[in-house]
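Accompanying notes for the structure given below.
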Amino acid sequence: MALSLERFGSLRTSKVSLMALLLLAIVSTVYVRNDVFDVLDGGSDSRLLRMLKKGKKKKKGKKERCRPYARKNLMWLLSYPGAGEDEVMNLVEHATEQSMATNYGNVLTTGDFKKLKDDRKADKIDEACWREGPFKNNVDLPADSRNVLVKTHCGSYCMKKNGVRCGKKDRMRSFLQPRLFSKACAVGLKYSVRKGRSKRSKGYTKHSGIPKMVLLVRNPVAMVGARMAENKGIKVHELNRKQFLDYCKEIDDDRVTKRELDRILGKFLKDPEKADGVPCISEFFRIGVWYNRIIANVISFNGKGDVVFWEDLYSDVDNEGQDLLNYLGLERVSGKSWMMDEDAKMHNELLIGLLSKEEYDKVMTFVEAVSHSAWERLFVRYASD
(Lines give C-alpha, C1' and ligand atoms only; values in the text may rest on other atoms or scores of the structure.)
Protein backbone atom coordinates (compact mmCIF):
# COMPACT_ATOMS: atom_id res chain seq x y z
CA MET A 1 0.00 0.00 0.00
CA ALA A 2 2.81 2.39 0.88
CA LEU A 3 4.35 1.74 -2.51
CA SER A 4 1.09 2.65 -4.25
CA LEU A 5 0.86 5.94 -2.34
CA GLU A 6 4.40 6.86 -3.42
CA ARG A 7 3.54 6.19 -7.05
CA PHE A 8 0.34 8.22 -6.71
CA GLY A 9 2.26 11.17 -5.17
CA SER A 10 4.84 11.00 -7.90
CA LEU A 11 2.15 10.98 -10.58
CA ARG A 12 0.42 13.96 -9.01
CA THR A 13 3.66 15.93 -8.86
CA SER A 14 4.30 15.18 -12.51
CA LYS A 15 0.84 16.41 -13.45
CA VAL A 16 1.36 19.66 -11.56
CA SER A 17 4.70 20.18 -13.26
CA LEU A 18 3.16 19.48 -16.65
CA MET A 19 0.36 21.97 -16.02
CA ALA A 20 2.87 24.61 -14.97
CA LEU A 21 4.82 24.09 -18.20
CA LEU A 22 1.63 24.37 -20.25
CA LEU A 23 0.69 27.63 -18.52
CA LEU A 24 4.17 29.02 -19.13
CA ALA A 25 3.93 28.07 -22.81
CA ILE A 26 0.54 29.79 -23.14
CA VAL A 27 1.81 32.99 -21.48
CA SER A 28 4.91 33.03 -23.69
CA THR A 29 2.81 32.53 -26.80
CA VAL A 30 0.54 35.42 -25.88
CA TYR A 31 3.57 37.62 -25.06
CA VAL A 32 5.24 36.97 -28.42
CA ARG A 33 1.92 37.09 -30.36
CA ASN A 34 1.03 40.50 -28.93
CA ASP A 35 4.53 41.78 -29.56
CA VAL A 36 4.50 40.60 -33.17
CA PHE A 37 1.17 42.30 -33.79
CA ASP A 38 2.60 45.45 -32.16
CA VAL A 39 5.46 45.38 -34.67
CA LEU A 40 3.07 44.78 -37.58
CA ASP A 41 1.01 47.74 -36.43
CA GLY A 42 4.08 49.93 -36.68
CA GLY A 43 4.91 50.00 -32.99
CA SER A 44 8.45 51.12 -32.30
CA ASP A 45 8.57 50.27 -28.60
CA SER A 46 7.70 46.58 -28.74
CA ARG A 47 9.31 44.48 -26.05
CA LEU A 48 10.65 42.04 -28.61
CA LEU A 49 12.35 44.77 -30.60
CA ARG A 50 13.79 46.30 -27.47
CA MET A 51 15.25 42.95 -26.48
CA LEU A 52 16.71 42.42 -29.95
CA LYS A 53 18.17 45.93 -30.05
CA LYS A 54 19.65 45.56 -26.61
CA GLY A 55 21.35 42.32 -27.55
CA LYS A 56 22.61 43.61 -30.89
CA LYS A 57 26.14 44.98 -30.73
CA LYS A 58 27.10 48.05 -32.72
CA LYS A 59 29.54 47.35 -35.48
CA LYS A 60 32.55 49.63 -35.54
CA GLY A 61 33.40 51.31 -38.80
CA LYS A 62 36.16 49.54 -40.65
CA LYS A 63 39.33 51.61 -40.62
CA GLU A 64 41.12 52.11 -43.88
CA ARG A 65 44.45 50.35 -44.05
CA CYS A 66 47.59 52.41 -44.44
CA ARG A 67 49.31 51.83 -47.77
CA PRO A 68 52.97 52.84 -47.40
CA TYR A 69 53.31 53.73 -51.09
CA ALA A 70 50.48 56.27 -50.70
CA ARG A 71 51.36 57.65 -47.26
CA LYS A 72 51.84 61.40 -47.17
CA ASN A 73 55.29 62.78 -46.48
CA LEU A 74 54.97 65.15 -43.54
CA MET A 75 57.39 68.08 -43.35
CA TRP A 76 57.36 70.42 -40.38
CA LEU A 77 57.18 74.20 -40.49
CA LEU A 78 58.82 75.01 -37.14
CA SER A 79 58.07 78.47 -35.82
CA TYR A 80 57.56 80.42 -32.65
CA PRO A 81 54.09 82.05 -32.71
CA GLY A 82 54.30 85.42 -34.45
CA ALA A 83 57.16 84.45 -36.77
CA GLY A 84 54.86 84.62 -39.82
CA GLU A 85 53.80 80.97 -39.96
CA ASP A 86 50.26 81.71 -41.20
CA GLU A 87 51.56 83.87 -44.03
CA VAL A 88 53.96 81.10 -45.12
CA MET A 89 51.17 78.51 -45.03
CA ASN A 90 48.94 80.81 -47.10
CA LEU A 91 51.75 81.44 -49.57
CA VAL A 92 52.36 77.69 -50.10
CA GLU A 93 48.67 76.78 -50.32
CA HIS A 94 47.91 79.64 -52.71
CA ALA A 95 50.83 78.74 -55.00
CA THR A 96 50.06 75.00 -55.08
CA GLU A 97 46.25 75.17 -54.74
CA GLN A 98 46.58 72.33 -52.22
CA SER A 99 45.77 72.21 -48.53
CA MET A 100 48.73 71.70 -46.26
CA ALA A 101 48.40 70.51 -42.64
CA THR A 102 48.45 71.85 -39.10
CA ASN A 103 48.87 70.49 -35.60
CA TYR A 104 46.16 72.89 -34.46
CA GLY A 105 42.80 71.62 -35.64
CA ASN A 106 41.03 74.27 -33.58
CA VAL A 107 42.19 77.01 -36.00
CA LEU A 108 41.62 76.28 -39.69
CA THR A 109 41.72 78.29 -42.92
CA THR A 110 39.13 78.86 -45.65
CA GLY A 111 39.61 78.98 -49.41
CA ASP A 112 39.94 82.77 -49.28
CA PHE A 113 42.51 82.40 -46.47
CA LYS A 114 40.42 83.57 -43.55
CA LYS A 115 40.64 81.90 -40.15
CA LEU A 116 38.03 79.60 -38.62
CA LYS A 117 38.60 79.30 -34.88
CA ASP A 118 36.73 76.73 -32.76
CA ASP A 119 34.30 76.24 -35.62
CA ARG A 120 34.19 72.54 -36.51
CA LYS A 121 35.79 69.16 -36.11
CA ALA A 122 38.95 69.08 -38.20
CA ASP A 123 39.65 66.32 -40.72
CA LYS A 124 42.90 64.37 -40.54
CA ILE A 125 45.23 65.00 -43.47
CA ASP A 126 45.90 61.26 -43.84
CA GLU A 127 43.89 59.32 -41.27
CA ALA A 128 44.75 55.91 -42.70
CA CYS A 129 48.46 56.35 -41.90
CA TRP A 130 48.47 59.20 -39.38
CA ARG A 131 45.52 58.44 -37.11
CA GLU A 132 46.18 61.09 -34.44
CA GLY A 133 46.95 63.97 -36.80
CA PRO A 134 47.98 66.34 -38.20
CA PHE A 135 44.84 68.03 -39.49
CA LYS A 136 43.85 69.39 -42.89
CA ASN A 137 44.63 73.11 -42.72
CA ASN A 138 42.42 74.54 -45.47
CA VAL A 139 38.80 73.38 -45.38
CA ASP A 140 38.09 74.32 -49.02
CA LEU A 141 41.22 73.24 -50.91
CA PRO A 142 41.91 69.61 -51.89
CA ALA A 143 44.58 67.62 -50.06
CA ASP A 144 45.94 65.53 -52.92
CA SER A 145 49.62 66.44 -52.59
CA ARG A 146 51.90 63.62 -51.43
CA ASN A 147 54.26 66.12 -49.77
CA VAL A 148 52.63 68.12 -46.99
CA LEU A 149 53.93 71.07 -44.96
CA VAL A 150 52.73 70.90 -41.33
CA LYS A 151 52.53 73.95 -39.07
CA THR A 152 53.85 73.30 -35.56
CA HIS A 153 55.01 75.47 -32.67
CA CYS A 154 56.58 72.65 -30.62
CA GLY A 155 54.72 73.62 -27.45
CA SER A 156 55.38 77.35 -27.63
CA TYR A 157 51.73 78.21 -28.39
CA CYS A 158 51.01 77.92 -24.67
CA MET A 159 50.75 81.17 -22.74
CA LYS A 160 48.31 83.03 -20.50
CA LYS A 161 44.96 84.08 -21.98
CA ASN A 162 45.31 82.48 -25.40
CA GLY A 163 42.45 80.03 -24.93
CA VAL A 164 44.71 77.12 -23.97
CA ARG A 165 44.95 75.53 -20.57
CA CYS A 166 48.61 75.76 -19.62
CA GLY A 167 50.35 74.05 -16.75
CA LYS A 168 53.77 74.71 -15.29
CA LYS A 169 55.49 72.33 -17.68
CA ASP A 170 53.85 73.98 -20.67
CA ARG A 171 54.98 77.49 -19.76
CA MET A 172 58.75 76.93 -19.66
CA ARG A 173 59.84 73.67 -18.05
CA SER A 174 59.28 71.61 -21.20
CA PHE A 175 61.84 73.84 -22.94
CA LEU A 176 64.50 72.48 -20.58
CA GLN A 177 63.76 68.78 -21.23
CA PRO A 178 64.94 67.70 -24.70
CA ARG A 179 62.77 64.59 -24.96
CA LEU A 180 59.62 66.38 -23.78
CA PHE A 181 60.35 69.33 -26.05
CA SER A 182 60.79 67.12 -29.13
CA LYS A 183 57.57 65.25 -28.43
CA ALA A 184 55.68 68.54 -28.29
CA CYS A 185 56.44 69.12 -31.99
CA ALA A 186 53.93 66.39 -32.89
CA VAL A 187 51.28 67.50 -30.40
CA GLY A 188 48.71 70.22 -30.89
CA LEU A 189 45.06 71.06 -30.31
CA LYS A 190 41.72 69.94 -31.69
CA TYR A 191 38.24 71.33 -31.29
CA SER A 192 35.60 69.20 -29.58
CA VAL A 193 32.17 70.07 -31.00
CA ARG A 194 30.42 68.16 -28.22
CA LYS A 195 32.27 69.93 -25.41
CA GLY A 196 32.46 73.26 -27.22
CA ARG A 197 36.14 73.82 -26.46
CA SER A 198 39.62 72.91 -27.61
CA LYS A 199 41.58 70.07 -26.11
CA ARG A 200 45.04 68.67 -26.58
CA SER A 201 45.64 66.18 -29.37
CA LYS A 202 47.91 63.16 -29.12
CA GLY A 203 51.33 62.92 -30.72
CA TYR A 204 51.38 61.23 -34.11
CA THR A 205 55.10 60.60 -34.73
CA LYS A 206 58.64 61.13 -33.48
CA HIS A 207 60.64 64.04 -34.82
CA SER A 208 63.21 61.59 -36.18
CA GLY A 209 60.51 60.33 -38.58
CA ILE A 210 60.11 63.70 -40.32
CA PRO A 211 62.28 63.78 -43.48
CA LYS A 212 62.40 67.58 -43.94
CA MET A 213 61.93 70.59 -41.70
CA VAL A 214 61.69 74.33 -42.30
CA LEU A 215 62.67 76.67 -39.47
CA LEU A 216 61.02 80.09 -39.74
CA VAL A 217 62.90 82.99 -38.12
CA ARG A 218 61.92 86.62 -37.61
CA ASN A 219 63.09 89.59 -35.58
CA PRO A 220 62.23 88.66 -31.95
CA VAL A 221 60.61 92.05 -31.24
CA ALA A 222 58.39 91.71 -34.33
CA MET A 223 57.46 88.17 -33.21
CA VAL A 224 56.25 89.34 -29.80
CA GLY A 225 54.38 92.28 -31.33
CA ALA A 226 52.68 90.08 -33.95
CA ARG A 227 51.68 87.57 -31.29
CA MET A 228 50.23 90.34 -29.17
CA ALA A 229 48.17 91.61 -32.11
CA GLU A 230 46.86 88.09 -32.71
CA ASN A 231 45.96 87.41 -29.08
CA LYS A 232 44.36 90.79 -28.52
CA GLY A 233 42.57 90.92 -31.86
CA ILE A 234 44.22 94.22 -32.82
CA LYS A 235 45.40 95.10 -36.31
CA VAL A 236 49.16 95.72 -36.53
CA HIS A 237 48.83 99.27 -37.86
CA GLU A 238 46.59 100.12 -34.86
CA LEU A 239 49.13 99.04 -32.22
CA ASN A 240 50.92 101.65 -30.15
CA ARG A 241 53.78 101.68 -27.69
CA LYS A 242 51.57 101.94 -24.58
CA GLN A 243 49.50 98.91 -25.63
CA PHE A 244 52.66 96.90 -26.17
CA LEU A 245 54.23 97.80 -22.81
CA ASP A 246 50.94 97.10 -21.01
CA TYR A 247 50.83 93.72 -22.69
CA CYS A 248 54.41 93.01 -21.59
CA LYS A 249 53.57 93.89 -18.00
CA GLU A 250 50.49 91.69 -18.11
CA ILE A 251 52.32 88.54 -19.18
CA ASP A 252 55.43 89.21 -17.07
CA ASP A 253 53.36 89.77 -13.92
CA ASP A 254 51.49 86.48 -14.28
CA ARG A 255 52.11 84.62 -11.01
CA VAL A 256 52.99 81.23 -12.52
CA THR A 257 55.12 82.68 -15.32
CA LYS A 258 57.03 84.93 -12.93
CA ARG A 259 57.75 82.12 -10.50
CA GLU A 260 58.92 79.80 -13.29
CA LEU A 261 61.15 82.47 -14.80
CA ASP A 262 62.77 83.28 -11.44
CA ARG A 263 63.46 79.59 -10.91
CA ILE A 264 64.91 78.90 -14.37
CA LEU A 265 66.57 82.12 -15.53
CA GLY A 266 69.72 81.64 -13.44
CA LYS A 267 70.57 78.46 -15.39
CA PHE A 268 70.84 80.42 -18.63
CA LEU A 269 71.97 83.88 -17.55
CA LYS A 270 75.38 84.24 -15.94
CA ASP A 271 75.08 88.02 -15.64
CA PRO A 272 71.76 88.92 -13.90
CA GLU A 273 72.14 92.57 -14.92
CA LYS A 274 71.34 91.64 -18.53
CA ALA A 275 67.76 90.97 -17.45
CA ASP A 276 67.25 94.46 -15.99
CA GLY A 277 64.75 96.65 -17.82
CA VAL A 278 63.85 94.06 -20.49
CA PRO A 279 60.14 94.39 -21.41
CA CYS A 280 58.30 91.14 -22.14
CA ILE A 281 61.25 89.30 -20.61
CA SER A 282 59.30 86.05 -20.26
CA GLU A 283 58.51 86.00 -23.99
CA PHE A 284 62.04 86.90 -25.11
CA PHE A 285 63.42 84.24 -22.77
CA ARG A 286 61.11 81.63 -24.30
CA ILE A 287 62.05 82.72 -27.84
CA GLY A 288 65.80 82.46 -27.17
CA VAL A 289 65.57 79.08 -25.44
CA TRP A 290 63.03 77.70 -27.94
CA TYR A 291 65.18 78.37 -31.01
CA ASN A 292 68.28 77.08 -29.27
CA ARG A 293 66.44 73.87 -28.38
CA ILE A 294 65.19 73.47 -31.96
CA ILE A 295 68.74 73.69 -33.32
CA ALA A 296 70.19 71.41 -30.65
CA ASN A 297 67.56 68.69 -30.43
CA VAL A 298 65.26 68.74 -33.43
CA ILE A 299 66.89 69.89 -36.65
CA SER A 300 70.41 68.72 -35.77
CA PHE A 301 69.13 65.22 -34.92
CA ASN A 302 67.22 65.03 -38.18
CA GLY A 303 70.10 66.39 -40.23
CA LYS A 304 67.76 67.86 -42.85
CA GLY A 305 66.57 71.38 -42.20
CA ASP A 306 66.12 74.61 -44.09
CA VAL A 307 66.08 78.06 -42.48
CA VAL A 308 63.75 80.72 -43.85
CA PHE A 309 64.06 84.31 -42.63
CA TRP A 310 60.76 86.17 -42.72
CA GLU A 311 62.43 89.41 -43.81
CA ASP A 312 64.12 87.69 -46.78
CA LEU A 313 60.85 86.08 -47.84
CA TYR A 314 58.84 89.29 -48.17
CA SER A 315 61.83 91.18 -49.64
CA ASP A 316 62.37 88.66 -52.46
CA VAL A 317 59.32 86.43 -52.59
CA ASP A 318 59.93 85.30 -56.19
CA ASN A 319 63.24 83.62 -55.41
CA GLU A 320 62.70 82.76 -51.74
CA GLY A 321 59.22 81.39 -52.37
CA GLN A 322 60.36 79.20 -55.24
CA ASP A 323 63.37 77.95 -53.25
CA LEU A 324 60.98 76.95 -50.46
CA LEU A 325 58.71 75.01 -52.83
CA ASN A 326 61.70 73.30 -54.42
CA TYR A 327 62.99 72.21 -51.03
CA LEU A 328 59.56 70.81 -50.10
CA GLY A 329 59.12 69.06 -53.43
CA LEU A 330 55.97 71.03 -54.24
CA GLU A 331 54.95 72.49 -57.59
CA ARG A 332 53.60 75.94 -58.18
CA VAL A 333 50.52 76.08 -60.37
CA SER A 334 51.36 77.60 -63.74
CA GLY A 335 50.70 81.33 -63.84
CA LYS A 336 49.94 81.50 -60.12
CA SER A 337 51.14 84.67 -58.41
CA TRP A 338 52.77 84.74 -55.00
CA MET A 339 50.48 85.60 -52.12
CA MET A 340 52.25 88.14 -49.93
CA ASP A 341 50.85 91.13 -48.06
CA GLU A 342 52.05 94.31 -49.74
CA ASP A 343 52.24 95.96 -46.32
CA ALA A 344 54.30 93.15 -44.75
CA LYS A 345 57.54 95.14 -44.66
CA MET A 346 55.82 98.24 -43.27
CA HIS A 347 54.06 96.19 -40.57
CA ASN A 348 57.33 94.53 -39.59
CA GLU A 349 58.98 97.93 -39.12
CA LEU A 350 55.99 99.18 -37.11
CA LEU A 351 56.29 96.21 -34.74
CA ILE A 352 60.01 96.74 -34.21
CA GLY A 353 59.38 100.46 -33.60
CA LEU A 354 57.16 99.69 -30.60
CA LEU A 355 60.34 99.77 -28.48
CA SER A 356 62.79 102.60 -28.02
CA LYS A 357 66.39 102.18 -29.23
CA GLU A 358 67.56 101.61 -25.65
CA GLU A 359 64.87 98.99 -24.97
CA TYR A 360 65.57 97.27 -28.27
CA ASP A 361 69.30 96.97 -27.48
CA LYS A 362 68.51 95.54 -24.03
CA VAL A 363 66.25 92.94 -25.61
CA MET A 364 68.90 91.85 -28.11
CA THR A 365 71.58 91.65 -25.40
CA PHE A 366 69.28 89.47 -23.34
CA VAL A 367 68.34 87.21 -26.29
CA GLU A 368 72.03 86.76 -27.10
CA ALA A 369 72.70 85.66 -23.50
CA VAL A 370 69.92 83.03 -23.35
CA SER A 371 69.85 81.72 -26.92
CA HIS A 372 73.47 80.47 -26.97
CA SER A 373 74.24 78.85 -30.37
CA ALA A 374 71.01 80.14 -31.91
CA TRP A 375 72.27 83.71 -31.63
CA GLU A 376 75.13 83.36 -34.12
CA ARG A 377 73.14 81.19 -36.52
CA LEU A 378 69.80 83.03 -36.41
CA PHE A 379 69.57 86.29 -34.46
CA VAL A 380 72.87 88.14 -34.84
CA ARG A 381 71.55 89.83 -37.99
CA TYR A 382 68.98 91.68 -35.86
CA ALA A 383 71.51 93.32 -33.51
CA SER A 384 71.86 97.08 -33.76
CA ASP A 385 74.80 98.39 -35.76
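Amide H neighbours of residue 151 under 5 Å, at least 5 residues apart or on other chains, H built in the peptide plane: list them.
Residues meeting the criterion, in which the H sits 1.01 Å from N, are 77, 101, 102, 103.
Does region 157-299 come out rounded, prolate or oblate, given a ≥ b ≥ c as the square roots of the eigenvalues of its C-alpha gyration tensor, rounded meaning a/c under 1.5 and, failing that, prolate meaning a/b above b/c? Walk me through the numbers on the way to the answer.
Working: a/c = 1.56, a/b = 1.17, b/c = 1.33.
It is oblate, given that a/c is not under 1.5 and a/b is not larger than b/c.
Apply the Karplus curve 6.51 cos²θ - 1.76 cosθ + 1.60, θ = phi - 60°, to the phi angles in region 95-107 and return the couplings in whole Hz, x for Gly and Pro.
Karplus-based 3J(HN,Hα) across region 95-107 equals 6, 9, 6, 10, 6, 8, 9, 8, 7, 10, x, 7, 10 Hz.
Which FRET efficiency value, to the nearest 0.05, is calculated for residue 296 and residue 258 with the Förster distance at 30 angstrom and r the Cβ-Cβ distance?
Efficiency at R0 = 30 Å is approximately 0.70.
Express in nm, to one decimal, how much length is gained between residue 17 and residue 339 on full extension, taking 0.36 nm for each residue of separation and deducting their alpha carbon distance.
107.0 nm
Using 0.36 nm per residue, how much length does the chain from residue 377 to residue 326 gain when fully extended, once their Cα-Cα distance is taken away?
Separation in residues times 0.36 nm, less the Cα-Cα distance, equals 16.1 nm.
What order, most packed first, do the peptides 321-331, 214-224 have when packing is the mean number of other Cβ atoms within 10 Å of each residue?
214-224, 321-331
Heavy-atom accessible area per residue, region 232-385, 1.4 Å probe: how many Å²?
Working: 8110 Å² over 154 residues.
On a per-residue basis, 53 Å².
Just by accessible area at a 1.4 angstrom probe, what is the order of 320, 238 from largest to smallest?
Heavy-atom accessible area, descending, gives 238, 320.
Would you please put 80-93, 135-148 in order of how densely packed they are, using the mean number of other Cβ atoms within 10 angstrom per residue and starting with the highest?
Ranking the peptides 80-93, 135-148 by packing returns 80-93, 135-148.
In whole percent, and with a 1.4 Å probe on the protein chains, what portion of the accessible area of region 173-322 is carbon and sulfur?
Values: 3390 of 7110 Å².
That share works out to 48 percent.
Between residue 242 and residue 139, what's the calculated FRET efficiency when r is the beta-carbon distance and R0 is 30 Å? Round to 0.05.
Details: r = 38 Å, r/R0 = 1.26.
Calculated value: 0.20.
Not counting ligands, DNA or RNA, and with a 1.4 Å probe, what is residue 299's accessible surface area in Å² rounded to the nearest 10?
30 Å²
Is the shape of region 176-223 rounded, prolate or oblate, going by the alpha carbon gyration tensor and its root eigenvalues a ≥ b ≥ c, with a/c under 1.5 for rounded and a/b larger than b/c for prolate? Don't jump to the answer; show the numbers that get you there.
Numbers: a/c = 2.12, a/b = 1.33, b/c = 1.59.
It comes out oblate by the Cα gyration axes.
Enter the accessible area of residue 364 (Å², nearest 10), with the probe set to 1.4 Å and all protein chains included.
Accessible area, nearest 10 Å²: 10 Å².
When the Karplus curve 6.51 cos²θ - 1.76 cosθ + 1.60 is applied with θ = phi - 60°, which whole-Hz ³J(HN,Hα) does each residue of region 335-347 get, with x for Gly and Pro?
My calculation for region 335-347 gives x, 7, 7, 7, 8, 8, 4, 5, 9, 4, 5, 4, 5 Hz in order.
Amide H of residue 215: which non-local residues (sequence gap of 5 or more, or other chain) have their own amide H closer than 5 Å, using H built in the peptide plane?
Under 5 Å from the amide H of residue 215 lie the amide H atoms of 78, 306, 307, 308, each far enough along the sequence or on another chain.
Given labels modelled 7 Å from the Cα in the Cβ direction, how far is it in nm from residue 173 to residue 235?
4.3 nm
The values are calculated or read from the model by the stated rules, or taken from the named source; none is laboratory data. Keep in mind it's a predicted model, so treat the numbers as computed, not measured. No Cβ is skipped: glycine too gets one built from the backbone with ideal geometry, and neighbour counts run over all protein chains shown. These accessible areas exclude ligands, DNA and RNA; they are computed on the full protein's heavy atoms, side chains included. Shrake-Rupley method; radii C 1.70, N 1.55, O 1.52, S 1.80 Å.
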